[in-house]
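See below for the structure under consideration.
The values are calculated or read from the model by the stated rules, or taken from the named source; none is laboratory data. The model shown is predicted, which means the values in this text are computed figures rather than measured ones. Reconstructed Cβ throughout: ideal geometry from the backbone, glycine too, with neighbour counts over all protein chains shown.
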Amino acid sequence: MSSIPTPILWTVIIGLALGSYGLRFAFIGFMGGKPIPEWLMRHLRYTAVAIIPALVAPLVVWPAPTGGAPSLMHFAAAAATFAAGYLTRNVLIGLGTGGLCLLLLYLAA
Amino acid sequence: MAITTTKSAFWKGFRDSAPFLFMASPFGFLFGVLAAEAGLIVPEAFAFSLTVFAGAAQFTALQLMQENAPLIIILISALAVNLRMAMYSASLTPYLGDAPMWQRAIAAYFIVDQSYALSVVQFEQEPEMPLAQRVAYFFGTNGLITPAWVMATALGALVGTRIPESWGVDFVLPLAFLAMIGPMLRTPAHVAACFVAVAASLPASALPYNLGLIVAGIAGMVAGAQAELWLERQKAKAEGAK
């Protein structure tokens with residue numbers, strides 16, 4: 001695995017630290033009691049639930065461990081993780097299920 | 001039961017947050033392990049969790065750094081995941097906005113999913129709560145979670161350096177994201193955002209510089225907002241028909 005160059009890593013850490021703080025401080029610090037426009041709130045609600053699936057979908061369809069070749073095993077583990085997380089509404093049960101599936105499928109292969 | 005003192009408000013927040021320990025610690029640990037696998041040393045992983053203090057955004061940045069994505073894409077994507085913090089900040093303002101600036105400046109750092117969710121519920125249930133107690137409650141909700149998150153990361157990074165690469169942990173990060181998505185899908189609009197983002201991300205991944213992620217993310221975000229508007233109109237129509 002290629003390691004991340006140190007300057008890149010620290011730029012990301014510092015950039016994210018300042019940026020995240022800025023987002024958190026934005027309203028509570030600057031805006032006082034001014035309400036945030038409704039259209040903006042409406043879009044903010046859906047950023048995480050859009051970005052994370054968009055990040056993960058290609059990683060599932062073209063998994064890194066196979067060098068990008070589609071793999072039923074990885075797809076099955078991904079589907080089980082998502083289903084368990086969705087049905088139980090619990091991140092850890094989802095992650096545990098996925099890990100277990102991955103382990104079983106590795107052992108079976 | 002009404003809270004009587006500022007001190008007891010802090011400890012109520014502290015106690016209320018305890019169940020979230022079982023979420024924050026394993027996730028912090030996992031971040032540490034994966035960061036170590038990506039080549040980060042323990043102080044780097046520790047600094048990452050301490051200064052950024054936002055799980056999903058940290059995982060996003062870690063994944064994109066490993067893909068050698070351009071710096072600007074890494075920053076935009078991870079901050080986009082964190083945009084919800086601005087929303088939390090906005091909805092806490094009516095409750096904490098009158099606190100002194102130094103308190104608000106410190107509180108801003110501690111705005112995370114758990115502290116926001118617990119505090120908003122508490123403040124809505126007890127509208128009579130004085131400002132000082134609200135501030136104390138908010139800080140109390142972070143009394144356990146923050147140290148646990150940072151320490152778990154450091155511990156994970158220590159362990160991670162000992163895990164051989166042959167264990168194939170490089171699929172664990174996608175699984176961690178997938179586990180996070182399920183509980184996020186609270187309304188049909190969230191499902192629409194997720195579905196559109198996934199559908200767009202596959203063809204968009206052909207775009208250079210990981211731009212596909214931004215394109216698919218925006219598509220999903222707009223889809224979610226439009227779905228919400230549409231659902232509201234349908235509801236208004238149904239009520240109007242009655």
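Quick grid of which residues meet (1) under 24 Å from residue B:115 (Cα atoms); (2) in contact (Cβ under 8 Å) with a residue 40 or more places away in the chain:
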site	(1), (2)
B:33	no, yes
B:40	no, yes
B:49	yes, yes
B:72	no, no
* Residues in region B:197-209: is at least one more than 9 Å from chain A (Cβ to nearest Cβ), in a helix (DSSP H, G or I), surrounded by fewer than 23 Cβ atoms within 10 Å (Cβ to Cβ) and on the phi > 0 side of the Ramachandran plot? -> yes
* Structure fact -> Picking from A:56, A:91, A:12, the residue that is surrounded by 15 or more Cβ atoms within 10 Å (Cβ to Cβ), closer than 19 Å to residue B:194 by Cβ and modelled with pLDDT of 90 or more would be A:56
* Taking the condition of a type in the set (S, T, N, Q), farther than 21 Å from residue A:55 by Cα and out of contact with any Phe, Trp or Tyr (no Cβ under 8 Å at 6 or more places or on another chain), does residue B:4 pass? -> yes
* Asked: Out of all the residues in region A:61-83, is one or more exposed (fewer than 14 other Cβ atoms within 10 Å of the Cβ) and either at pLDDT 90 or above or at the interface with chain B (Cβ under 7 Å from one of its Cβ atoms) (or both)?
  -> yes
* In region B:33-49, what count of residues is obtained for those that are under 9 Å from residue B:161 (Cβ atoms) and within 10 Å of another protein chain (Cβ to nearest Cβ)? -> 2
* To do: Please state which of the following conditions residue B:136 fails to meet, knowing it meets all the rest: (1) touching a Lys or Arg at 6+ places or on another chain (Cβ under 6 Å); (2) touching a residue at least 60 places away in the same chain (Cβ under 8 Å).
  => (1)
* Inter-residue pairs, beta-carbon under 6 Å, first more than 7 Å from chain B (Cβ to nearest Cβ) and in region A:14-29, second at pLDDT 95 or above and part of a helix (DSSP H, G or I), 6+ apart -> none
* Inside region B:117-137, can you point out the residues that are under 20 Å from the mean Cα position of the chain (by Cα) and either more than 16 Å from residue B:14 (Cβ to Cβ) or outside any helix (DSSP H, G or I) (or both)? -> B:120
* Search result, residues across region B:140-170 that are modelled with pLDDT under 85 and part of a helix (DSSP H, G or I) -> B:165, B:166, B:167, B:169, B:170
* **Residue count for region A:24-34, restricted to those that are buried (at least 24 other Cβ atoms within 10 Å of the Cβ) and at pLDDT 85 or above** => 1
* Count of region B:75-108 residues which are touching a residue at least 40 places away in the same chain (Cβ under 8 Å) and at the interface with chain A (Cβ under 7 Å from one of its Cβ atoms) -> 4
* **From the options B:236, B:176, residue that is in a helix (DSSP H, G or I) and within 13 Å of chain A (Cβ to nearest Cβ)** => B:176
* To do: May I ask you to verify whether residue B:113 is more than 30 Å from residue B:14 (Cα to Cα), within 13 Å of another protein chain (Cβ to nearest Cβ) and surrounded by fewer than 21 Cβ atoms within 10 Å (Cβ to Cβ)?
  => no
* Pairs where the first residue, in region B:220-242, is assigned by TED's automatic domain parsing to the domain that holds residue B:191 and the second is among the charged types (D, E, K, R) and surrounded by 14 or more Cβ atoms within 10 Å (Cβ to Cβ), C-beta under 7 Å, 6+ apart -> B:224/A:45; B:225/A:42; B:228/A:42
* If you go through region A:35-43 one residue at a time, do you hit one that is within 18 Å of residue B:120 (Cα to Cα) and modelled with pLDDT of 90 or more? -> no
